[in-house]
Number of protein chains: 2
Amino acid sequence: MTTQDARMPVSVQPVSTEKPVSAEPSVAAEKREPGWHKGYLTGTRPDIQVPVRQVHLTTGRDVTLYDTSGPYTDPNVTTDVRRGLAPLRENWIIGRGDTEEYSGRPVRPEDDGIKHTSPRGGLRNLDAVFPGRPRVPRRGRDGQAVTQLAYARRGDITPEMEYIAIRENVSPEVVREEIAAGRAVMPMNVNHPEIEPMIIGKRFLVKVNANIGNSAVTSSIEEEVDKMTWATKWGADTVMDLSTGRNIHTTREWVLRNSPVPIGTVPLYQALEKVDGKAEELTWEVYKDTVIEQAEQGVDYMTVHAGVLLRYVPLTARRKTGIVSRGGSIMAAWCLAHHKESFLYENFEELCDILASYDVTYSLGDGLRPGSIADANDEAQFAELRTLGELNTIAKRHNVQTMIEGPGHVPMHKIKENIDLQQEICEEAPFYTLGPLTTDVAPAYDHITSGIGAAMIAWWGTAMLCYVTPKEHLGLPNRDDVKTGVITYKIAAHAADLAKGHPGAQDWDDALSDARFEFRWEDQFNLAMDPDTARDFHDETLPADGAKTAHFCSMCGPKFCSMKISQDIRKEHGGDLLLDPEAGMRQKSAEFAASGNRVYLPLAD
Amino acid sequence: MTTQDARMPVSVQPVSTEKPVSAEPSVAAEKREPGWHKGYLTGTRPDIQVPVRQVHLTTGRDVTLYDTSGPYTDPNVTTDVRRGLAPLRENWIIGRGDTEEYSGRPVRPEDDGIKHTSPRGGLRNLDAVFPGRPRVPRRGRDGQAVTQLAYARRGDITPEMEYIAIRENVSPEVVREEIAAGRAVMPMNVNHPEIEPMIIGKRFLVKVNANIGNSAVTSSIEEEVDKMTWATKWGADTVMDLSTGRNIHTTREWVLRNSPVPIGTVPLYQALEKVDGKAEELTWEVYKDTVIEQAEQGVDYMTVHAGVLLRYVPLTARRKTGIVSRGGSIMAAWCLAHHKESFLYENFEELCDILASYDVTYSLGDGLRPGSIADANDEAQFAELRTLGELNTIAKRHNVQTMIEGPGHVPMHKIKENIDLQQEICEEAPFYTLGPLTTDVAPAYDHITSGIGAAMIAWWGTAMLCYVTPKEHLGLPNRDDVKTGVITYKIAAHAADLAKGHPGAQDWDDALSDARFEFRWEDQFNLAMDPDTARDFHDETLPADGAKTAHFCSMCGPKFCSMKISQDIRKEHGGDLLLDPEAGMRQKSAEFAASGNRVYLPLAD
């Protein structure tokens, strides 16, 4: 875990090779990898270096793909998990001159779930965790909003926006417009300078979030950091740290300092730990303290279940599966215990000001999302959505970037209503959905039940998909589950990019299909979303090197390979059928007597 | 393989417990399995015994599910792969009095791909393969159509139709009408009496086909029979034997005699073997001989690529991946080599008469289906579809049951056009699609890329889905791949049943979600599509028996289990919030002071 395996391929979304604002990619590694290398696209200033994955085809051509894997796949960069990544945004943040360093909130034992009392509260010196780099938190001067939304609204194109324009192959002005309109968000806390800027919005490539996090039952800090780097290697665009057990503060510090992607949390989980798991003992003060603690660490977006109102809880009473969101059930329990309106709803404007001063993005949680097919699209769910729409408007007034979370378990015929309503009610704020799962009957395969719904809802406008692993409903995902979940969701996201006609999305499919038709097996593997598994599956029955150039595989064997026969037809048959498909057969028979001509056009490369 | 593992759970589509025509299910096994048993629903005559899977819940209730696993999961039945299954339809077929036994075509060495010559041709005595039961083939007297379509059109409700009515929970008249209209097919050759009748049509549960078959490179006879029983255990509704290597005739005999589900083939593959793999040497005579050989064995449906016309081949010239159907590429090569129209097209009416006399169902193959995103919905594909519509009309005139095969690789936004066009052009004949794959970029995960498309196209009307395994494009699937492919497609099919609002489909989801909400872990496992894997995944982190009744799993741990909190809310909070959700808070606070009442309705069972 301390040094990256540079040979681990990562595959993600395509970027067209036509770059509107950047120069040619530079070759990062002198030692090129056999199938691909990490490259960078340079912006208008030399410190804008956008990572890409350059896949080398045996034809000599390169295919450029979107890359989320961070410095871990760059052989020129030495990473050390105890020192963290380089703070590449630091100069941009400081350069804007609108933030200040300050002493920050002392770290207390209870932040890590440790119960013994300590008079001053300072349990752990962060120097011990990150010896080379004592961190001092930063926030907006005089409480001002230092958000990308505020900058976009006043017409500024930040280096982060330019970075994203290069990454997404659009103009910087498009990025600024989408952010200013609230149709996209760029989660990036001023205290997370290590981040490689990315954007979430329906106008851009569909993104995928991977959840990690220990629970009280299992898992360790090291495992969580490793899951994060593992998830981003396979293409996770953001990671949520949903830890709930011990060492929650320290785990988060490790994850943040080593993460090239935005990190999201649900502050309510840690707040609940601070009150010994008793929902009714939660207070606005404990919650606010937790939000500040996490904002100072650099959390980029926070799920806030402020839409679970007291009057909505009874709407869940006749449900098949009640309330299945952890945050939703905690807030419902609090509201009922006190018979008061949610402290998150009541203090929402103050929370906005806190988030704005760090540029933490809201992810307004759907605490009443359906947990079964029977509960989909019910009154509880849509009542909360209307409240999220109201909160979205308030957040925007405070210049806080905002996205909206969505379900859940929804049968296919009810999916579109979800995205359409959300887009209408929330003024096109980015939708961030969990699946949805299209049936309840396949535990152990819920990456698939939900991958189906995820692809569809992303096609219809969802901006980011929260992955579901095979362990959903059954246990905590391990490393293999994380990989399976990420790849399933990258498939859903890319299928949606294709269906939306995203510019350049099909270039990747075309490159792979060309390689397939021409039996360039190595190119197929290197272009695959998971090159390792594709190669392993092929080699299971045909391991010899010669099979890598063979014009067949073991699926059909040499005589029955349609691609081989199709190739042979192109090679063997002459004439002008192509140019005059309707021509009569008699006319053609003479030409076919003299075969061996080259009729068909050469394959496009 | 010789005796079944009766404990292997099979899970498939739901049947409502409201049975229109049948009595209560009988308990087949004295020794009940812990989680479920094989039951039978009896029709109006005692020899109509429709298998079901009865899942026993810990609440005392049973849930009845559709069952494809055949006698192999019935502990009261002893099966022997060398003797085959009991011919349960035999009396029904004989009873109709419209068929006759006849000597049949001698089996020849080349039927098994054996090249040495033999003057009389009789290589193998089937007695040696199935010692207890010498088979004599059967066909319609005087060449008459003995098809379920012919019976349905003249108003007959056959025992097979009644069997299906029970299985699908509809009236027998609905079955007859759908068959008569050509909107559904019941593939069941008179020479495959071992079959448990099933139906393919959009009015019924969506079905799944699993392909098995050796290729020249790998696989053995025993493996293929085992793959068949394995696939049906996990829910395959039909199986296609796509063998192309040696022992093709004998493999097929074994598969048919042991198969409780319809078996499909592509006769062209075996015909090509008979001419040493040289497409240009194929003739109508060799093909016809092969069709009769297979029809006499009992093949229930045959893929015929009669829509690949000479004039369509040039339409594929500019394609990214040419012709990717094996049958399509073979026929294209033949047409070009001879510069003549396809012998399948030219002799289609004669072929209809042959199929009608055995009740073999047409599966009109889409030889020009797209093999890449770039080629989807192109002129080649749709030109062939129009010809398939023409052939469909001819087949119906000859009383041959007919379904139409569909693509292939299609991005999500182009899927609906496929099913809509097919339904229009082919007069609502059942559509039978391969996926479609919604992106090309994920070899090793094409069960998922295609499961997404399969769920969508089935929702929109596809009647049967041909599965895709993780090995697609890479190699021959093994046992694990077959299971993964079948389960992925059962998920897609069931998601579509839900989205279509199929009566009773949601009962299964509701039963599982109830079990989930009430922490009845064993019920969740037993109701799961794959109980073994669900249980294994749960036990990976919480193996102790006590965890099977715990009110949490390792995913969230005890404190953060939303279902537990949600349950606690229902238990702890009293009042009439449920009855008057809009009531003010003041009014409620008094009631909540005295908590402990039971507010919420008990969970529906």
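The single condition among (1) touching a strand residue (DSSP E or B) at 6+ places or on another chain (Cβ under 6 Å); (2) at pLDDT 90 or above that residue A:14 does not satisfy is (2).
Within region B:216-237, is there a residue that is open to solvent by less than 10 Å² (accessible area, probe 1.4 Å), closer than 19 Å to residue B:40 by Cα and without any contact (Cβ under 8 Å) to a residue 60 or more places away in the chain? No, the conditions are met nowhere in region B:216-237. For residue B:319, indicate whether it is basic (Lys, Arg) and within 22 Å of the chain's Cα centre (by Cα). The answer is no for residue B:319. Residues in region B:444-459 include none that are surrounded by fewer than 24 Cβ atoms within 10 Å (Cβ to Cβ) and either at pLDDT below 95 or not acidic (Asp, Glu) (or both).
Just to be sure, is residue B:399 open to solvent by less than 10 Å² (accessible area, probe 1.4 Å), more than 8 Å from chain A (Cβ to nearest Cβ) and polar (S, T, N, Q)? Break it down into steps so the answer makes sense when it comes.
Numbers: open to solvent by less than 10 Å² (accessible area, probe 1.4 Å): no; more than 8 Å from chain A (Cβ to nearest Cβ): yes; polar (S, T, N, Q): yes.
No.
Scanning region B:248-275 for residues that are open to solvent by 10 Å² or more (accessible area, probe 1.4 Å), over 20 Å from residue B:192 (Cα atoms) and touching a residue at least 24 places away in the same chain (Cβ under 8 Å) yields B:269, B:273, B:274. Within region B:68-78, if we keep just the residues that are open to solvent by less than 10 Å² (accessible area, probe 1.4 Å) and in a loop (DSSP other than H, G, I, E, B), the residue that is farthest from residue B:230 (Cα to Cα) turns out to be B:74. Being within 30 Å of residue A:143 (Cβ to Cβ) and among the polar types (S, T, N, Q) is the filter here; which residues of region A:360-383 pass it? Within region A:360-383, A:361, A:363 qualify.
So which residues in region A:427-437 are part of a loop (DSSP other than H, G, I, E, B) and open to solvent by less than 10 Å² (accessible area, probe 1.4 Å)?
The first filter runs over region A:427-437 and keeps only residues part of a loop (DSSP other than H, G, I, E, B), leaving A:427-430, A:435-436.
Listed by number, the residues that qualify are A:429, A:430, A:435, A:436.
Being small (Gly, Ala, Ser) and within 14 Å of another protein chain (Cβ to nearest Cβ) is the filter here; which residues of region B:284-331 pass it? Working first, answer last.
Quick first cut of region B:284-331, residues small (Gly, Ala, Ser) only: B:295, B:298, B:306-307, B:317, B:322, B:325, B:327-329.
Answer for region B:284-331, where residues must be small (Gly, Ala, Ser) and within 14 Å of another protein chain (Cβ to nearest Cβ): B:317, B:322, B:325, B:327, B:328, B:329.
What do you reckon, is residue A:384 farther than 21 Å from residue B:501 by Cβ and either at pLDDT below 95 or open to solvent by 20 Å² or more (accessible area, probe 1.4 Å) (or both)?
Numbers: farther than 21 Å from residue B:501 by Cβ: yes; either at pLDDT below 95 or open to solvent by 20 Å² or more (accessible area, probe 1.4 Å) (or both): no.
Criteria not met by residue A:384.
Counting only helices (runs of 4 or more DSSP H) that sit wholly inside region A:205-301, those with at least 3 residues that are modelled with pLDDT of 95 or more and under 22 Å from residue A:358 (Cβ atoms) are A:267-274, A:284-297.
Suppose we filter B:394, B:419 for residues that are in a helix (DSSP H, G or I), of a type in the set (A, V, I, L, M) and either within 14 Å of chain A (Cβ to nearest Cβ) or open to solvent by less than 10 Å² (accessible area, probe 1.4 Å) (or both); which single one remains?
After ruling out the rest, the residue left standing is B:419.
Condition check for residue B:534 on (1) outside any helix (DSSP H, G or I); (2) without any contact (Cβ under 8 Å) to a residue 12 or more places away in the chain; (3) facing another protein chain (nearest Cβ under 7 Å); (4) of a type outside the set (Lys, Arg): one failure, at (1).
Just one of the numbered conditions (1) within 10 Å of chain A (Cβ to nearest Cβ); (2) surrounded by fewer than 21 Cβ atoms within 10 Å (Cβ to Cβ) is not true of residue B:354: (1).
This table checks each residue for (1) among the basic types (Lys, Arg); (2) at pLDDT below 95; (3) within 24 Å of residue B:259 (Cβ to Cβ); (4) assigned to a strand (DSSP E or B).
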{"site": "B:91", "(1), (2), (3), (4)": "no, no, yes, no"}
{"site": "B:115", "(1), (2), (3), (4)": "yes, yes, no, no"}
{"site": "B:118", "(1), (2), (3), (4)": "no, yes, no, no"}
{"site": "B:136", "(1), (2), (3), (4)": "no, yes, yes, no"}
{"site": "B:139", "(1), (2), (3), (4)": "yes, no, yes, yes"}
{"site": "B:146", "(1), (2), (3), (4)": "no, no, yes, no"}
{"site": "B:151", "(1), (2), (3), (4)": "no, no, yes, no"}
{"site": "B:161", "(1), (2), (3), (4)": "no, no, yes, no"}
{"site": "B:164", "(1), (2), (3), (4)": "no, no, yes, no"}
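For region A:313-326, does any single residue satisfy the condition of being open to solvent by less than 20 Å² (accessible area, probe 1.4 Å), within 21 Å of residue A:395 (Cβ to Cβ), assigned to a helix (DSSP H, G or I) and not aliphatic (A, V, I, L, M)? No.
Scanning region A:332-348 for residues that are of a type in the set (D, E, K, R) and either open to solvent by less than 10 Å² (accessible area, probe 1.4 Å) or more than 9 Å from chain B (Cβ to nearest Cβ) (or both) yields one hit, A:346. Do the conditions hold for residue B:242, that is, is it in contact (Cβ under 8 Å) with a residue 24 or more places away in the chain, of a type in the set (A, V, I, L, M) and surrounded by fewer than 24 Cβ atoms within 10 Å (Cβ to Cβ)? Yes: the conditions hold for residue B:242.
Residue A:310 fulfils the conditions (1) crowded, with 22+ Cβ neighbours inside 10 Å; (2) free of Cβ contacts under 8 Å to residues at least 40 places away in the same chain except for a single criterion, (1).
The values are calculated or read from the model by the stated rules, or taken from the named source; none is laboratory data. The shown structure was predicted, so the numbers you read here are calculated from the model rather than taken from an experiment. Because the Cβ atoms are built from the backbone with ideal geometry, glycine has one as well, and the counts that use them run over all protein chains shown. We work out accessible area using only protein heavy atoms, side chains counted, and drop any ligands, DNA or RNA first. Shrake-Rupley method; radii C 1.70, N 1.55, O 1.52, S 1.80 Å.
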